[in-house]
1. Where the centre of each part is set by its Cα atoms, how far does the stretch 109-147 sit from the stretch 41-67, in angstrom?
2. Figure the gain on full extension for Arg107 and Ser372 (residue separation times 0.36 nm, minus the Cα-Cα span) and round it to one decimal in nm.
3. What number comes out for the charge environment of Gln269, summing +1 per Lys or Arg and -1 per Asp or Glu over other residues with Cβ under 14 Å away?
4. Please give the residues of the stretch 381-423, grouped as numeric ranges, whose backbone N is less than 17 Å from a label point set 7 Å along the Cα-to-Cβ vector of Ile456.
5. When you have a sec, figure out the Kirkwood radius of the stretch 79-180 from all distinct Cα pair distances and drop it here in Å to one decimal?
6. Where does the chain land at 222 nm, in deg cm²/dmol rounded to the nearest 500, when only DSSP H runs of n ≥ 4 count, each adding -39500 (n - 2.57), divided by all residues?
7. Past 23 Å, Cα to Cα: identify those pairs from Lys128/Lys431; Lys323/Lys408; Lys145/Lys408; Lys51/Lys128; Lys51/Lys431, in the order given.
8. Along the three principal axes, how long is the stretch 362-458 when you take its alpha carbons, biggest first, rounded to the nearest angstrom?
Amino acid sequence: MTNFNSYLEEHRQRFEDDLCELLRIPSVSTDSQYKHEVRQAGEWVANQFRKLQFETELIETAGHPIVYAESPPVEGAPTVLVYGHYDVQPPDPLDEWISPPFEPTCRDGNIYARGATDDKGQMLTHIKSAQAWIETTGKLPLQVKYLIEGEEESGSENLGPFLEIAQERLACDVVVISDCSQFAPGQPAITYGLKGIAYYELRLTGPKQDLHSGSFGGAVSNPINALSRMLAALIDENNRVTIPGFYDDIEPLSDRERQQFAALPFSEQEFKNQIGVEDLSGEIGYTTLERRWARPTYDINGIWGGYQGEGGKTVLPARAGAKFSFRLAPGQVPEQISSALESMLTELCPPGISMELEDMHGAPGIVVSLDSPFMSAAATAIEHGFGRPPVFIREGGTIPVVTEFTEKLGADALLLGWGLDDDNTHSPNEKFCLADFHRGIKASTHLWQELSKIIIDG
Ligand code: BES
Ligand code: ZN
């Protein structure tokens, strides 16, 4: 195998400069104010591929564009599809950032910026590894197709329809995704399970306008009181979701898996310190790792209504609302959760309040087989890049299209996370360890080699 070490060593700075360039583009996909910047980030990614002479296209959708590129086919070798995203979450609360979110800044070996780990930094490793091959040997040892979207953080709504029409173009043997985490610093991992999601906004309307809470309170339903009661009723004192049938379709954790989770060096005390809490809590009967990686959860993500200004205001508000979501265990079906939820909330809604439930987006969870030649190839490549073999983990996040990839393209998925649990993903001061950025590039460079040796039947 070609030795890429000196090439990778010499190009460290150039790769970091490229990453910073991309991080400077505020590609917040959920906020229409950033529409232009999201496209600009897509263009930037497309240009990376054009420089490698890959066939490249910026594909328009009803939302943000999809970047698609491919290297030339290689006879007798498998085809890989790399999926990643160039959009990012909103950066707020802004005043909690030590350095501004779109001015990438290096501190203690980490690069701080929104999108550093999720997913610009991780995604870029698979482009830089291709660049290493092209600039060292002139070609890749297998065909790599790239699908880099701009709507992952808003639910990948327009990617599904594209997969439908582009099945042939996207045909591949394995999908590689780096948009998750290592187990711990110095302990790389392969993620074999992710949670799904069902996301909603609930809006309640009471009287036609805000009222004096003395004159009217107690005689009409207060939308915030109603909202609080309805949202609280969705979970019980054991942290079990109360929606009828909610747990019915879950693929249960096997005893073996529970033992494997328990054998990982996870410290509850360190975890508490990391997030700044005295105690942990969650669904009764499960450990912290089981709750985080494999059990469904319920979280209210935002809530509004009434008076928030200085001093008190004795008001009975006309309206209230909340955004909330369920993380789903593999097996749970978002559409079924939605209809059971709607019935339950309709029943809970008190007289004098009208309710609107918006189903914002949903995606199922996934467990991928550990038993494939692709997994072994990835493990070998990770050991090369990170100097240590990976452990196998599940994670609580969602990558909405993974299931569609496996179903529509019939390909295995390799979830190879280069991030860390304390990267502040979706939070202020998001970071990515630069050493891991370079290890990720090295691992990816080896991955192309290892995967190219796999013989595909048929
Ligand atoms: N990179 C994350 C997914 C992730 C997070 C995987 C943590 C493993 C651990 C991804 O970009 C993401 O944040 N996805 C969203 C999807 C949602 C908006 C539909 C998520 O999980 O909140
Ligand atoms: Zn994310």
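1. 14 Å
2. Numbers: separation 265, 0.36 × 265 = 95.40 nm, distance 3.92 nm.
Gain in length upon complete extension: 91.5 nm.
3. Details: positive: Lys272; negative: Glu268, Glu270, Glu278, Asp279.
Local net charge: -3.
4. 405-414, by backbone N distance to the label point.
5. Working: mean 1/r = 0.0644 Å⁻¹.
After inverting the mean inverse Cα-Cα distance, the result is 15.5 Å.
6. Values: 14 runs with 152 residues, N = 458.
The helix contribution divided over the chain gives -10000 deg cm²/dmol.
7. Values: Lys128/Lys431 19 Å; Lys323/Lys408 31 Å; Lys145/Lys408 16 Å; Lys51/Lys128 11 Å; Lys51/Lys431 27 Å.
Lys323/Lys408; Lys51/Lys431, as the Cα separations exceed 23 Å there.
8. Principal-axis extents of the stretch 362-458 (Cα, largest first): 48, 37, 18 Å.
None of the figures in this text is laboratory data; all of them are computed from the coordinates on show. Just so it is clear, the structure is predicted and the values come from calculations on it, not from any experiment. As a convention, Cβ positions derive from the backbone with ideal geometry for all residues, glycine included, and neighbour counts pool all protein chains shown.
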